[in-house]
Amino acid sequence: MNDDLLRRIAEALERVSPRPSDAPDFTEADAYVWHVDPDRLESVADVNRIDLSGSVSV
């Protein structure tokens, strides 16, 4: 393959591929969830938390 053909193939692939989404603002939330269709991180508004600092009795 010559360089011109490879360049044309690369340009065609760039035209048909979706634009990557912007990275989220990681200061916006404490947690994020990953979605695969389309690939993206979505912030979690309310995070359920369990206090792990206390002692545990068995």
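A few remarks follow.
- A single member of ARG7, ARG40 is surrounded by 10 or more Cβ atoms within 10 Å (Cβ to Cβ) and in a strand (DSSP E or B), and it is ARG40.
- Boolean, ASP25 is surrounded by 10 or more Cβ atoms within 10 Å (Cβ to Cβ) and either out of contact with any helix residue (DSSP H, G or I) (no Cβ under 6 Å at 6 or more places or on another chain) or charged (D, E, K, R) (or both): no
- The residues of segment 5-22 that are closer than 30 Å to ASN48 by Cβ and free of Cβ contacts under 8 Å to residues at least 12 places away in the same chain amount to a single one, ASP22.
- Residue in segment 20-30 that is among the aliphatic types (A, V, I, L, M) and either assigned to a loop (DSSP other than H, G, I, E, B) or at pLDDT below 90 (or both) present: yes
The values are calculated or read from the model by the stated rules, or taken from the named source; none is laboratory data. Please read these numbers as outputs of a predicted model, since none were measured by experiment. In this analysis, Cβ positions are derived from the backbone assuming ideal geometry, glycine residues included, and neighbour counts consider all displayed protein chains.
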